[in-house]
Every structure is written in structure tokens, then in C-alpha cells.
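What follows is a set of notes on a single structure, which appears directly below.
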């Protein structure tokens, strides 16, 4: 880390000599005395911090005016993006619910599915998560439709117990959406 050198006394005197011109220019930019004073102060602070970048022999006023103009337009762009929201109404509309619970629900569902016997897991994933009809699932698994319905029912009951779910609606909405986002439309088949 390089040590910053303190600006010279001549530089300090030259800065102080430009304050009235800086204030005049700031007033022309802001049209508000209080904002103009803030802009002059910001310009002087930036100039002091960047004193080593000023090239002696060039116009200090032009350099300071450039710093002021750039600061003014940077602040203007920032203010244009800001929204007056003293009551917090706009911020409340921008709020998004955290996604952690969905992720945790999915992890719980994966763990519960892993505890099911393979035939029940296959049946419930085909019918519930993949949206395959009972008839298609029976054909895929090579068994009767009644067997698939029985496996799905037993798997559903075990999952509900394992996940401490009271009703089929809660199970279908909360956990099925973790598997398949469009599942709310097909909850009844699950």
C-alpha cells in the first residue's frame, strides 16, 4: 500500500481561492443553495483526495469544474433511480418470499421417497410427479391398473405419515409442487 502524500500549501491555497467560483457553478447546476453547498464540499473532498493527479501548470478551475460536473451527473443518475417511499409501500410490493422452505420441502420429500419400497416409489413418481395415467403406469410397470392404484395409495399414505401431512390437499399442494411446478393442476390424480 502506497502512502498518500499530503497536498502542498500552494494547492490548499489554490483550492480555497476557487470556492466562490465552485459555489457559483454548483448553484447553476442545482438551483438550490443547500444542494450547491453539498456539491462544493463533495468536489473539494474529491479534489483533495486526488491532489496527486492534478498536473501543475494546467487550469485548476477547469479540473475542479470537471470533478463537480461529473459528481453532479453521477448523483443525478442515482437520484433518478431512487423512489420516494417514506411509508414503505413500494418496498413492500418488491418483497419476494424466501425460497428456502421450497428447497427444504424438496429435500424432505426426497428423503421420504427414498424410504419407500421400489415398486411404490416407481408408481407414485410415474403417476404423481410425471403425470402418467394409471393405465400408462400399469403398462410401464407390467402390472394391473388396480395394482398401480394400490401402490400409489400405499406410497401416498406412507409419505403423508413420514412428512407429517394431515390432508391430501396439503400434501398435493406443498410437496407435489416441489417435484413438479405445474402440479397444482394435477393434484387430484396424485
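Descriptive notes on the structure:
- The residue that is nearest to the chain's Cα centre (by Cα), counting only those in the range 111-127 that are closer than 14 Å to residue 153 by Cα and outside any helix (DSSP H, G or I), is 116.
- Unique residue being at pLDDT 90 or above, closer than 20 Å to residue 9 by Cα and surrounded by 16 or more Cβ atoms within 10 Å (Cβ to Cβ) when the list is 36, 26, 47: 47
- Condition broken by residue 96, with the remaining ones in (1) out of contact with any helix residue (DSSP H, G or I) (no Cβ under 6 Å at 6 or more places or on another chain); (2) closer than 30 Å to residue 165 by Cα; (3) surrounded by 10 or more Cβ atoms within 10 Å (Cβ to Cβ) satisfied: (3)
- Taking the numbered list (1) within 38 Å of the chain's Cα centre (by Cα); (2) outside the structural domain of residue 24 (by TED's automatic domain parsing) in turn, residue 67 passes all entries but (2).
- A single entry from 127, 83, 132 fulfils the requirement of being surrounded by fewer than 12 Cβ atoms within 10 Å (Cβ to Cβ) and touching a helix residue (DSSP H, G or I) at 6+ places or on another chain (Cβ under 6 Å): 83.
- Exactly one residue out of 148, 140 is surrounded by fewer than 15 Cβ atoms within 10 Å (Cβ to Cβ) and either modelled with pLDDT of 90 or more or not in a loop (DSSP other than H, G, I, E, B) (or both), and it is 140.
- Answer residue from the range 52-67, given it is touching a residue at least 12 places away in the same chain (Cβ under 8 Å) and closer than 19 Å to residue 40 by Cα and is surrounded by the most Cβ atoms within 10 Å (Cβ to Cβ) among those: 64
The values are calculated or read from the model by the stated rules, or taken from the named source; none is laboratory data. Only a predicted model underlies this, so the values are computations on that prediction, with no experimental measurement involved. Backbone-built Cβ (ideal geometry, glycine too); neighbour counts: all protein chains shown.
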